[in-house]
Amino acid sequence: MSMSSGLDRRSLMKGFALSAALAAPTAAGAQAASAQPASAATAATGKTAMSAGNFVPERLERMRKVMAGHVERGDVPGLVWAVSRGGETHVEAAGTLALNGLAPMRGDSIFRIASLTKPVTATAAMILVEESRLRLDDPVDTWLPELADRKVLKSLDAKLTDTVPANRPVTLRDLLTLRFGVGAIMVYPFAYPVQHAMAEAGIAPSADLFRGSPDAFMKAVGSLPLAHQPGEGWLYHTGLDVAGVLVARAAGQPLSAFMQERIFGPLDMKDTGFHVPAEKVDRLATAYSRDFQTGKLGVYDEAKGGLFAKPASFESGGGGLVSTAEDYLAFQKMLLGKGKLGAERILSRASVELMTTDQLSEEQKASAGMFFNGNSGWGLGMSVALKRDNLFTTPGRFGWDGGYGTSGYADPENDLAGVLLTQRLMDSPQAPKHHVDFWTSAYQAITG
């Protein structure tokens, strides 16, 4: 999820990030760690293919210094970033895997990418659409009977029993566009019965992902009324979790297996999945949240023995993947290539163009102004920039951000893909400075 780097939703973290902040450990509950400035040496890592004329070398050096500065000042323990344009790719790192640690960040360091999972899940769903195993506008209750015969709250503040029948069934399009009626209601502290019900069921959008089985997740979702009629509103996050379950059931295999077979394997995304195997866990960065009173960073999730060090019981299509900068860059370049990377075609041009086209009405975008700010919209599983409001928000630019501090966007007009990976949970209505500086630095380095 993100709150910013696209400044697509700079008024507030996108549900997932906000809930992550609210769920973050307090000073008493977290392992406190002083944010001592770390070594900020940067290292070019991974595959760096050089094609003359895509970036200005002196301006790339400026970018290195800017990003290293965020480590030196203690903003983050470490980070990895990557940019690619016209065949020229740079993957670089600064800082350490853990605060006050010795292991350096590397280009192949692994991160919890949170809501950067959403575009991947949308891609998986569109693969099944192209094979006519799913259809965008068919009712999903064939595969998800828990969503049959939905009830809808008469008003957002209504009791859970004060409902009317849904006007129509929920569709896959509703899930991918986040218009199906269940999701993050951005009022904190919770003010409505349905918010409390989601939290009690364990399905409120949060960095603490659902811990039960996919069937248990769908039972919990199905126990709740919709907050609005299908297709009429916009609520962040949960639709992509439900879409992940739909993909798994329609494909007849776990979501992780389908993604590995149809996306990760073909794109050589060798370090992407829903958990980190034991032999790779020493490459997983520690995740931190900031204590609001002291400003210090406390451990949110350890690498070894943490939430992502064992297979997930619920593979969250909304926020459960781990990945590396190089892996996620390959996924972005596939979308930038209209569904194809090298010899591998994952999707058709038509599907990618649909996914990266705004699907929301003006009323829906206005109802979620903290996400869209009048300058962006939502396609299938990702945001789409509609007009320029910063150096880096070229109209047509698509992607998303993640509540663990991740950001990934691709820009067809400039043939640019970029990804920034950190593990400091987003916790402010303001865009993180290191996100803004990364994207500013990437765009100022473009030639032409």
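The values are calculated or read from the model by the stated rules, or taken from the named source; none is laboratory data. Quick caveat, the model's predicted, so the values are computed rather than measured. Glycine also receives a Cβ, built like all others from the backbone with ideal geometry; neighbour counts cover every protein chain displayed.
Being among the acidic types (Asp, Glu) and outside any helix (DSSP H, G or I) is the filter here, so list the residues in the range 119-135 that pass it.
First, pick out the residues of the range 119-135 that are among the acidic types (Asp, Glu): 130-131.
If the condition is that a residue be among the acidic types (Asp, Glu) and outside any helix (DSSP H, G or I), then Glu131 is the only one that fits.
Taking the residues in the range 136-152 that are of a type outside the set (Gly, Ala, Ser) and in a loop (DSSP other than H, G, I, E, B) as candidates, determine which candidate is farthest from Gln229 (Cα to Cα).
Restricting attention to the range 136-152, the residues satisfying the condition of being of a type outside the set (Gly, Ala, Ser) are 136-147, 149-152.
The next check asks that each one be in a loop (DSSP other than H, G, I, E, B); those that pass are 136-138, 143-144, 149-150.
Working: Leu136: 17, Asp137: 15, Asp138: 16, Trp143: 20, Leu144: 18, Asp149: 12, Arg150: 9 Å.
It comes out as Trp143.
Taking only pairs six or more apart or across chains, which ones have beta-carbon atoms under 6 Å, a first residue in the range 308-319 that is surrounded by 22 or more Cβ atoms within 10 Å (Cβ to Cβ), and a second residue that is at pLDDT below 95 and not in a loop (DSSP other than H, G, I, E, B)?
Gly319/Phe16
Name the residue that is farthest from the chain's Cα centre (by Cα), counting only residues in the range 412-448 that are modelled with pLDDT under 95 and among the charged types (D, E, K, R).
In this case the residue turns out to be Lys433.
Which one of Val120, Val182 is under 29 Å from Tyr328 (Cβ atoms) and touching a strand residue (DSSP E or B) at 6+ places or on another chain (Cβ under 7 Å)? Before the answer, list the steps.
Numbers: Val120 fails: touching a strand residue (DSSP E or B) at 6+ places or on another chain (Cβ under 7 Å).
None of the other options fit; the residue is Val182.
Filter the range 75-87 for residues that are more than 14 Å from Leu420 (Cβ to Cβ) and touching a residue at least 40 places away in the same chain (Cβ under 8 Å); which is surrounded by the fewest Cβ atoms within 10 Å (Cβ to Cβ)? Break it down stepwise before answering.
To start, the set of residues in the range 75-87 that are more than 14 Å from Leu420 (Cβ to Cβ) comprises 77, 85-87.
From what's left, touching a residue at least 40 places away in the same chain (Cβ under 8 Å): 77, 85-86.
Working: Pro77: 27, Arg85: 22, Gly86: 16.
Checked the range 75-87; the qualifying residue surrounded by the fewest Cβ atoms within 10 Å (Cβ to Cβ) is Gly86.
How many residues are under 21 Å from Pro412 (Cβ atoms) and either surrounded by 17 or more Cβ atoms within 10 Å (Cβ to Cβ) or touching a residue at least 40 places away in the same chain (Cβ under 8 Å) (or both) if we restrict to the range 339-364?
Qualifying residue count, the range 339-364: 15.
Mind checking whether some residue in the range 101-108 is modelled with pLDDT under 95 and either hydrophobic (A, V, I, L, M, F, W, C) or crowded, with 24+ Cβ neighbours inside 10 Å (or both)?
As a first pass, look at the range 101-108 and keep what is modelled with pLDDT under 95: 101-102.
Restricting the remaining residues to those that are either hydrophobic (A, V, I, L, M, F, W, C) or crowded, with 24+ Cβ neighbours inside 10 Å (or both) gives 102.
The answer is yes; a qualifying residue exists.
Can you name every residue in the range 413-437 that is out of contact with any strand residue (DSSP E or B) (no Cβ under 8 Å at 6 or more places or on another chain) and under 21 Å from Thr356 (Cβ atoms)?
Correct list: Glu413 only.
Can you name the number of the only condition in (1) farther than 30 Å from Ala309 by Cα; (2) within 19 Å of the chain's Cα centre (by Cα); (3) not charged (D, E, K, R) that Pro119 fails?
Result: Pro119 fails condition (1) only.
Looking at the structure I just gave you, is Phe217 under 27 Å from Phe372 (Cα atoms) and either crowded, with 20+ Cβ neighbours inside 10 Å or touching a His at 6+ places or on another chain (Cβ under 8 Å) (or both)?
For Phe217, the condition - under 27 Å from Phe372 (Cα atoms) and either crowded, with 20+ Cβ neighbours inside 10 Å or touching a His at 6+ places or on another chain (Cβ under 8 Å) (or both) - is not met.
For the range 229-247, does any single residue satisfy the condition of being modelled with pLDDT of 95 or more and more than 30 Å from Ala158 (Cα to Cα)?
yes
Taking the range 243-287 only, how many residues are in contact with a Pro (Cβ under 7 Å, 6 or more places away or on another chain) and assigned to a helix (DSSP H, G or I)?
So the answer is 2.
For the range 397-414, give me each residue that is under 11 Å from Leu336 (Cα atoms), in a loop (DSSP other than H, G, I, E, B) and of a type outside the set (S, T, N, Q). Write out each step before concluding.
Let us first name the residues in the range 397-414 that are under 11 Å from Leu336 (Cα atoms), namely 397-399, 409-414.
Applying the additional criterion that residues be in a loop (DSSP other than H, G, I, E, B) yields 397, 412-414.
Listed by number, the residues that qualify are Arg397, Pro412, Glu413.
Considering only the range 209-242, how many residues are part of a helix (DSSP H, G or I) and over 16 Å from Pro145 (Cβ atoms)?
Within the range 209-242, the subset part of a helix (DSSP H, G or I) is 214-222, 238-242.
Then keep just the ones that are over 16 Å from Pro145 (Cβ atoms); that gives 238-241.
Result for the range 209-242: 4.
Specify which of the listed residues (Val187, Val140, Val194, Val182) is touching a Ser or Thr at 6+ places or on another chain (Cβ under 9 Å), outside the structural domain of Met382 (by TED's automatic domain parsing) and under 26 Å from Leu425 (Cβ atoms). If you could, list the steps in order and put the result at the bottom.
Numbers: Val187 fails: touching a Ser or Thr at 6+ places or on another chain (Cβ under 9 Å); Val140 fails: under 26 Å from Leu425 (Cβ atoms); Val194 fails: touching a Ser or Thr at 6+ places or on another chain (Cβ under 9 Å).
From the options Val187, Val140, Val194, Val182, the qualifying one is Val182.
When the residues of the range 227-249 are narrowed to those that are surrounded by fewer than 24 Cβ atoms within 10 Å (Cβ to Cβ) and among the aliphatic types (A, V, I, L, M), which ends up farthest from Glu362 (Cα to Cα)?
Looking at the filtered set, the residue picked out is Ala248.
Tally the residues that are surrounded by fewer than 22 Cβ atoms within 10 Å (Cβ to Cβ), modelled with pLDDT of 95 or more and touching a Leu at 6+ places or on another chain (Cβ under 7 Å), restricting the search to the range 280-302.
Final tally of qualifying residues: 0.
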